[in-house]
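The structure appears below as C-alpha cells.
The values are calculated or read from the model by the stated rules, or taken from the named source; none is laboratory data. This is a predicted model, so every value here is computed, not measured. When we count neighbours, we look across all protein chains shown, and the Cβ atoms used for this are built from the backbone with ideal geometry, even at glycine. All accessible areas refer to the heavy atoms of the entire protein, side chains included, with ligands and DNA or RNA removed. Shrake-Rupley method; radii C 1.70, N 1.55, O 1.52, S 1.80 Å.
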Amino acid sequence: MANLNDAANDDLERVARALARIGEEIARRVDNDGIAERDINDAHFYSSLGRHLRDIGDDLDTHERFELLRILNQTTGSSSVGQRTYIYFAVLLRSFTSLVANKTRISVESVKSVVRMFLQLWNNQKLSQNIADVIHEEAKQVFPREVNNMNDEFIELYHNCLSNGSQLVKDIRIMTVGMFGVGKTSLLDNLVSVEDGTTEQIKKNTNNPESTVGIDVTNCEVLEDGRWMKIYDTNFADEKLATALVDLKRENMKPGDGLQEVVRQLSNENQNCQQHEVSEVPTLEDFSSTLENSAVEELMHKVTEIMSNPKVSKDIRVSLWDFAGQYIYYSTHHFFLNHRSIYLLLMDVSKPLNDLAGDSSVFPVTGFTDEDFTCLEVFKFWLRSIYMYYSTRISKSSIKPCVILIGTHKDELTCKEDDKEQFKEDFFNEALGSFIKTPLLQLVHRKKFLINNLDRNEDYQSIRNEIITIAKQQDYWNEPRPAKWISLERSLENFKAEGKEVISFDDLKTADMMNDMPIGNEKELKSFLQLQHLLGNVLYFDTKILHKCIILSPQWMIDAFRCFISHMPDKDPKLLHLWKDYEQRGILTYELIDEIIDKNQNTVIFKSYKKEIIEYMELLDMIAQPVDVYNYDQLDENTTPDTNMPETSQASNLQMPQHFYFVPIMLQSQHLHKEKLPKWQNSPQAPSKSPVLALVFKDGFLPPSVFHRLLAICIRKWPVRETGGQLILFNGLAAFCMTKTSILTIWYQDNIVYGRVCCYEKSRDIKQLCVEARLFLSNSLRSILNILPNKGVFSEVIPFDECIQCSHISKFEAGKGLIKMRDFLYNDVILCDHCEEEHSLDRCDGLAPWCNDLLLQCDVQLSPDVLNRSPTPDEFVKIAMKCIGEEYFRLCLELDVNDKRLEQLREENKHHTPTRIYHMLIEAEKGGRKDGKELTVKMIRNALIAVGGDVTKFDDVFMETGSSSEEPTSFMAYLCESDLVKLTESIGDEYWLLGILLGITEVRMQQLRVKHVQMPVRINAMLMEWKQLKKSAGVLYKAMKIVNSDCTYIHDFCYSAMK
C-alpha cells in the first residue's frame, strides 16, 4: 500500500494544482469566447480554492493535510448527491476550524475565505460534483487493504460511501499472546485505567487475577495525559456539537446570541444529547444567509476554543484482546489473528527457554504432534503464527514492526538489579536466534520491556506510548472510513457495552436507522458487515442460515466451541457409547449435540442458537459432516476392484451412526499407530501409485489447526477409508477413497503437507485423479488462509510451494528429494542432486502425474518468433482485458516485479482492474523486473501457468488475425467532432486502455491526464487526437468492444451509415 505520508502530501498538492488549472482553463474560455458572468465567478472560485488549499497545506503536517483533503472531499461529496444535513455540515465546520486553529502562519482572512467557499459548495450541487470529480481523479484515497482486494463493484461502492462523508480512523487493536500463566491479563489490567483514575489491576485489588478463558476484549479511549480509560460512555464530542447546533432555530438565531448558546451547550458536560426530528433542522439556505461574516468568525473562534482541549486525545481508541494461554484454545485463536494488530508477546523470563511448557496430557486436543513442547516452542509458535497470517495479506516489503516482546516475572530473576536489562536482551536474542536472516524478524519491534506485574510503580506509560508510536507507523493508521459506517461501528460497540454478544440483522437495521446518517440500504449494510468481518470486528456469513446472525464477541464463539472439546460432567449413562466414540474417533452425533447444548446447565445460553452454532462450526471447518462413508454409488461405477485392494469397498465392519460430524481436533494422533505409518504412506501393495506430493509452507511453519481444517474439507469431499475394521482418520494422517479403487492419503510433518494417490486397478491411469487431488488440496489450503476470491480477499503471496518428491525415491522420506513444480515451467530439464546418484529429470517425468494439466498447457501452439518477443502495447491491453483476473498481483510477483512498486501501481489505478493490470505489465516490460531481463511472451505465459491463469485465452490474443474484413463497409465511415462529444459519455475508467488501442502513446496519454483534470474533457481530447489520425469508425468500434465500453452510440452510428 502506498505510504500514507506520501499520499497525503501528494494528493493535496495535486488537487490544489488541478483546481488552479481548471480556473485557468475557464478564464481562457472567457477571454476567447465571452462566456457568461457565472463562468467568470466559477473560474475565480476554482483558482481561489486551489490557492488557499496550497497556502493552508504548507503549514500543516502530513496527517493534517490528509484531514483537510478529507473535509473537502466529504463536503463536496455530500452536497453533490443531495444528502445535505445541518448536523453534518456543523461537524465539518468544526473539523476544519479545529484543524487550523493553532496554525500561526494561517491568516484569519484565509480561514474565513475557505469557510465561505465551503458554504458555497454546500449550496451548489453542480459545483460540488465538479470538485468531487477532481478529488476522485487526483487523490489516491488510501483505502483499507481489504477494500483494495475486493472486486471493482465493492471498491466503487466504498468510494461512493466515502464521497458522502468520511472520518479518519485511529483505532488500535492490541493482542496479548503467550503461554498460560505468563501474566497477560495482569499486564492489560495495569495498562487500563478506570473512572477513578486507578488501574484495572488496582480496582480488582488482587495480585493473582483469574486466567483468561478464550479471548477477553476491553475497549479504551486515550486521554490527554496518555492514560487509557476503559469506555463506559460512547458519546463523542462531534455528536455533542452537532446536537447543540441543531437547537439553533432560524427564527431565534442571532449572530451573537445564537453562537453563545452553542458555547453554553458545548461547555455543559452534563447536557443530555437528544435526537431531533428532521423537521426541526433549518435549511442550508437559511443557514448560509443568516450567518454573517462576524458570526462565521465568532463561530470559528468559539468552537475552536472549546474543541481545542477535548477530554479524549485525537479520537484514538484502543481495543485490548487477551488471548488465553491454555493449549486447548490454540486451535481457535488463529481465526482472529490479522495484520491490523499490535501484538504483545509475553514470556516468563524466570523460566529457561528449554523448560517444558506444561502438562503434556492436554496435547491430544491441541493438534501438536510433539508432546515435548518447550517454552521456546511456545514462543516460536506464536511468532510464526502471527507472521503467517500477516504475510499472506501483505507483501514482504510492506511489513512493519508490530510485535513487542515483553518479559514478565522480573522479580523472580536471581541476578542483580543492574543486570536484569541485559538478561532480558540476552534472553530474547536467544529466543530469536533461529529466525536470523528471515523476513519474520521484520515484525519484531527493537524495543523490548521487562516488567513485574505486581509492582504498581512500573513504567506502564512507556509501553502505552510505544504501542501508539508503532500504530502510527502502520498502513491502516488514519484510514478514511465512510462516516455512516463509523456511526454504525459505534452502534456495534454500544451493543457490546450492553453485554450483547450476538445480534440479529434486524437489530442492526434498527440501530442504523437511529443514527443521524443511516445507511438504510440492505446491500450496503451487508457490504459493511463483510468489511467488518474481514477487519476481524465481527463474524458474519451471508448464508441461508446465518445471514440474520451477527456475532459481536469472539469469546461467544470460542465458548460455544469449548463446550464440544472440554470435559462435561454428569453425562447421560445411556449415551456413554457415543461419548466413547467421540473421545476416541472424533465422531459427534446429533444426540451428543443435544446433550451438550440442550441439557447442560453451563451451555443454556446457546440453546436458542444451536442451528447457527453448528453452521458456524462447519463454515470455520471445526466440524465436518462426511459424505456417506460406505455409499460408493457416488464414486466411479466403471471400475473393477483388484484382488489386492484393501478392505474398503466392501460392507463396513464398523458400527457407525446414521448422521454425525467428525471433529478433527478430537482425533487421535497417528503416532499411536507408528508401526502402520510406513504402510499407510507408501501403500506397497498398490499396482499404481504416484510420487509424493509435498505442499511446503514457507518460513518453516504450519499451524496444526490448518491441517485440522484441511481434514474437515476433505471429509466433506470423499469417503474416509476403512481397513481392517479401522477408519484411517487421525490427527496428522488420513486416507480417502477418491474412487472405488483409488485412495488419496494425506499427512503432515513439520511444515509440509504430503499426499499420495494409489490405485488398485491395474489398467487405470491415475493422472486425472492426481490433478484433481492437487488442485483440491492447494485451493483448500489457500481458502483456509482466507486468500481466495470466494472468501472476499485474495493473496499477494501464496504461503506454500507445490513440490514433488523425486520419482527415483521409492520409499517416503520426510523432506527429502523435493523439487518445486514451478522450476519445470522455466526449464525443460532439471538436475536432481537429492538422490545418492545424481540424475536429470525432464519436464514430463517431473510434472507427471500430479501436474498433467500444466503439461498440457506447456504444449504451446505459438511460434518461437512470437514466444521470444515482447508483446506490443495493444497486446498488453488485450491480455489485461481478456486473460488475467484476480491473480494479477501474484502474476506480477511471479514475473519478478518489485512488490513495493506493484503496491504503488495498485493504489494509482484502483478504480479499474484491467487498467491496473496493464500498468503492472508495462512496469515489468519497462525494466521493473528485479533481474533486468527483457519481458517476453513466453515469460508471461509460463508465469500465468504458475499462478493458475487461463493460457488458452492468452494464446488467442497472439493468434488473432486482426482482419477487419468482417466489418460492414459502413464501419469505414468517419466521425465528426459532435459525434465524438456524444461518444465521451460512453467511455469511463477504461479510457486509458482505449487510448492505447487507438494508437496514442503512453507518454501522450500521461500528458493528457495532466493537462485535463476533468475526465470527460480528457476523454474528449483523447478522441480528438485519435481523429487526427484519420481512422474509421470501425477501428474505434473494435477498440471500444475490446475494453468493454458502451458501444450503443457508435454501433448505431455505423449501421445508420448503411441506410
Tell me the label-point distance for the pair Glu412, Asn465, using the 7 Å Cα-to-Cβ offset, in nm and rounded to one decimal. 3.0
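What is the calculated FRET efficiency for Asn494 to Ser870, with r their C-beta to C-beta distance and R₀ = 45 Å, to the nearest 0.05? Don't jump to the answer; show the numbers that get you there.
On the way: r = 58 Å, r/R0 = 1.29.
With a Förster radius of 45 Å, E is 0.20.
Highest mean first, what order results for 346-355, 765-774 on Cβ atoms within 10 Å? Provide the component values of the computation, followed by the final result.
Values: 346-355: 17.7, 765-774: 19.9.
The peptides rank, most packed first, as 765-774, 346-355.
Heavy-atom accessible area per residue, segment 688-751, 1.4 Å probe: how many Å²? Each step should come with its number before you reach the end.
Values: 1190 Å² over 64 residues.
Per-residue value: 19 Å².
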Flagged links, alpha-carbon separation over 20 Å, of Lys400/Lys900; Lys767/Lys820; Lys548/Lys611; Lys184/Lys410; Lys526/Lys882; Lys953/Lys1041: Lys526/Lys882
Taking a crude spin-label model, label points 7 Å out from Cα along the C-beta direction, the Lys820 to Glu224 distance in nm is 5.7
Computed FRET value (nearest 0.05) for Lys112 with Asp58, which takes r as the C-beta separation and R₀ as 25 Å: 0.85
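Carbon and sulfur together cover what percent of the accessible area of segment 980-1052 at a 1.4 Å probe radius?
Values: 1740 of 3220 Å².
That share works out to 54 percent.
Want the number for Arg17 to Lys610: 0.36 nm per residue separation, take away the alpha-carbon distance, what's left? Provide the component values of the computation, followed by the final result.
Details: separation 593, 0.36 × 593 = 213.48 nm, distance 5.94 nm.
Additional length available on full extension: 207.5 nm.
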Computed magnitude of the charge dipole of segment 444-595 (debye, nearest 20; Cβ of K, R +1, Cβ of D, E -1): 480
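If I stretch the segment between Asn1044 and Tyr974 completely, what's the gain in nm (0.36 nm per residue apart, minus their alpha carbon distance), one decimal?
On the way: separation 70, 0.36 × 70 = 25.20 nm, distance 2.12 nm.
Using 0.36 nm per residue and subtracting the Cα-Cα distance, I get 23.1 nm.
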Accessible-area composition of segment 738-790, carbon plus sulfur, in percent [1.4 Å probe]: 42
Quick one: putting +1 on the C-beta of Lys and Arg, -1 on the C-beta of Asp and Glu, what dipole do you get for segment 471-539 around its Cα centre, in Debye to the nearest 20? 120
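Give the accessible surface of segment 810-876 per residue, rounded to a whole number of Å², with probe radius 1.4 Å and ligands, DNA and RNA excluded.
Heavy-atom SASA per residue in segment 810-876 reads 56 Å².
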Where segment 445-534 is the region considered: accessible area per residue in Å², 1.4 Å probe: 42
So, with a 1.4 angstrom probe, what is the percent of accessible area on segment 488-635 that is carbon and sulfur? 49
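Can you give the extra length, in nm with one decimal, that the chain gains between Ser1056 and Glu156 once fully stretched, where that is 0.36 nm per residue apart less the Cα-Cα distance? Walk me through the intermediate numbers first.
Numbers: separation 900, 0.36 × 900 = 324.00 nm, distance 3.51 nm.
Contour length minus Cα-Cα distance gives 320.5 nm.
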Calculate, for His659 and Glu960, the FRET efficiency according to 1/(1 + (r/R0)^6) with r their C-beta to C-beta distance and R0 60 Å; round to the nearest 0.05. 0.65
